[in-house]
Structure formats: structure tokens, C-alpha cells
Amino acid sequence: MRTPGIHHVTAIGSDPSRNLEFYTKTLGLRLVKQSVNQDDVGVYHLFYGDEQGSPGTSMTFFPYVDASPGQVGTGQVSTVAFLIPDSAVDYWVDRLAAEGVDAAAPEERFGDTVIAFEDPDGLPLELVAVDDVPEGHPPEGPVPDEHAIRGFHSVALSLASADETAGLLQTMGFEATESEHDRQRFESDGDLGYVVDLLEDPHAPRGRPGAGTVHHVAFQVDEAEQEAWRDVLIEAGLRPTEIIDRKWFKSVYAREHAGVLFEFATKSPGYTVDEELEALGERLVLPEWLEDRREEIEANLPELRPAD
Ligand code: ZN
């Protein structure tokens, strides 16, 4: 069994309207699902992605209005990187500046150009420009198709010690490829989100959850293999959850040895299972087991102002 790569990444934010504006207007992703945190229904769960929120494109947020800032550090995904075509570097440098985003000057890493910046809550993000990117399904929006974010390139994990996590990634089908300084790269065979970098620093501060930090990273698995993935995780010394129905995918969660929360999510049925493609993200969608509480849930959610 081998995961082709990242399915989605879920992070914690604060102001939901500001989050919506940044990911749709500044980065040009589509809001593909507007729901609630199934474990805390007073908080939105906002899903962004390509036109249909394909696996490998979906960045999701729990925006807690009053969230305190977290600390990015060890035991967390410390950077989320999106894939862009290498012809789009100048476009994005200009675009981020025009949108008031304080981005670092482009740098080279393993032969690719990387632009680093943060979202409005301080979540570390990168655009990684690669010469051979899939065409993908860019959404309608402010970014022309040829420059659009295609989905994820990678996540970087900050770790006090990388050995056990490296072993787990290899069990999951990733192969060690390049390394430089404190960065070890692992790659799988998917088109999107196929890279995981391990950043080892025993002296780095421990991560603390809060706004601007990643909650978990999910990897793609086949539904027929999900139970077998649980066995693999147990054999690796982890304690996976049962399979949980998240409506748009089924999930198993396991905290890996260094403290990073991993999820193993099915590619199907996807975000169009309960909404038409054209109408994705336009209204609050609840799984059927929460539908009879809709009035109460809607009354307790903050206003979500559409990006202009
Ligand atoms: Zn998830």
C-alpha cells in the first residue's frame, strides 16, 4: 500500500471572513464547502481547493473568532506549500505585493523556486514553482488559469527528532530523496502534495495549538484499503482511531511518534456528494446527523462576509 500524497491540510484560524478573503481573493482558491467543525459546531469548517476540491488541493480551516495565536514549532506541520508552474513566479511576486502580503524574496530549494509568506493569522505558507505541473482544475476567480495554484506541493514537519517519522513515511510509501542542512525530503508518486519535508531541530520550540498553526495533515488512501491502513499504523506502534465518516470522505486519525496528527482520508465520495459542482460552498452544509439542529447551529455561527 502506498499513499500518493496529501489529501487535505486542516489549520486553525481566527476571523472567518478574513480567512475567506485571503484564501479566495488573494490566493484564488475556491470555497468548496462551508460547514461546521463536527466536534465543535459553534465553529465553521471552511474548505478551499480547486474547482471541485479534488484530493490534493483542499486546505481547510477551523476559524475560531477569539482564537489566541498558537506557536509554530516541533510536533506540528510547520509550513504548507502550494504548487505553481515555474512560469508563474513573477506573477505571484507581483500579486502578493499588490495584495499587501509581506512575502520573502524567491529562493532556490532543490532546484525549485520557493516564495515564503504567511496567511493573516501567521500560518507559514509557500508557493513552490515546478517546471512540470498538472494542468489541474483551476477555479473561476481572480487568478488566471495559467498562473493558478494547482494544489499542494508539500508540507514540512518540524520535529525534535526525525528518525521515527522518517520510518513511518517510508512505511506509507514515501521515499527519501534529497536532503540539505536540517531538511530531509520524502516523495511519493502522486501529481499533487507528493512531498513531505522533515525539519529536525532538537532545540526548536515545541509547537502550541492556536490561530496560525496546522491541526493535522491528511493523506489519500483507497477506501478498500482503509482498514488495512489501520493495521499498518498499529504495527508501526501508533494508536489509530476507528474509521470515522466525515461525509465527504472517511477518515482514520493517528498521532505519529513525534506528535504530528496524521489523517488517512478516502478520495471519495468528495465534496460534490451533497451539492452540485456549480453551487459548492455557497450555503452552510451540515451532515445529515446535524441537520435537525440547523437553526440552533446557524444562530450561533458568526457572520461570514463574502470576499468582494
Ligand atoms: Zn482532516
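Each residue in ASP163, ASP66 was given a count of other beta-carbon atoms within 10 angstrom of its own, and listing them fewest first yields ASP66, ASP163. Loop-located GluC sites (Glu not before Pro) across the stretch 208-271 with a Cβ neighbour count of 12 or fewer within 10 Å are GLU242, with loop assigned by DSSP.
Each Lys and Arg adds +1 at its Cβ and each Asp and Glu adds -1 at its Cβ; summed about the Cα centre, the chain shows a dipole of about 760 debye. Cα gyration tensor of the stretch 216-278, axes a ≥ b ≥ c as square roots of the eigenvalues: rounded (a/c below 1.5), prolate (a/b > b/c) or oblate? It comes out prolate by the Cα gyration axes. Computed from the C-beta positions of LEU284 and ARG2, the FRET efficiency with R₀ = 51 Å rounds to 0.90. Full extension of the chain segment joining LYS25 with GLU227 gains 68.8 nm, where the gain is 0.36 nm per residue of separation less the Cα-Cα distance.
With R₀ fixed at 41 Å, the C-beta to C-beta distance from ASP163 to ALA299 puts the FRET efficiency at about 0.25. DSSP finds beta bridges in the stretch 6-300, and of those with both partners inside it, around 65 percent are antiparallel.
Decide, for the stretch 23-161, between rounded, prolate and oblate: order the square roots of the alpha carbon gyration tensor eigenvalues as a ≥ b ≥ c, take rounded if a/c falls under 1.5, and otherwise choose prolate if a/b is larger than b/c, else oblate. Verdict is oblate for the stretch 23-161. Listed from fewest to most Cβ neighbours within 10 Å, the set LEU304, LEU46 follows the order LEU304, LEU46. Ranked by how many other Cβ atoms sit within 10 Å of their own Cβ, fewest first, the residues HIS215, HIS203 fall in the order HIS203, HIS215. Taking a ≥ b ≥ c as the square roots of the eigenvalues of the Cα gyration tensor, the stretch 159-308 is prolate, since a/c reaches 1.5 or more and a/b is larger than b/c. With 0.36 nm allotted per residue and the present C-alpha distance subtracted, the THR171-GLU276 stretch has 34.1 nm of extension available. Normalised by the number of residues in the chain, the average gap of Cα pairs under 8 Å and 6 or more apart makes the relative contact order 26 percent.
Hydrodynamic radius of the chain by the Kirkwood approach over all distinct alpha-carbon pairs: 19.5 Å.
Stretching ARG183 away from VAL65 to a fully extended chain increases their span by 39.1 nm, per 0.36 nm per residue minus the current alpha-carbon distance.
None of the figures in this text is laboratory data; all of them are computed from the coordinates on show. None of the values given here were measured: they were computed from a predicted structure. Here Cβ is always computed from backbone atoms with ideal geometry, including for glycine, and neighbour counts include all displayed protein chains.
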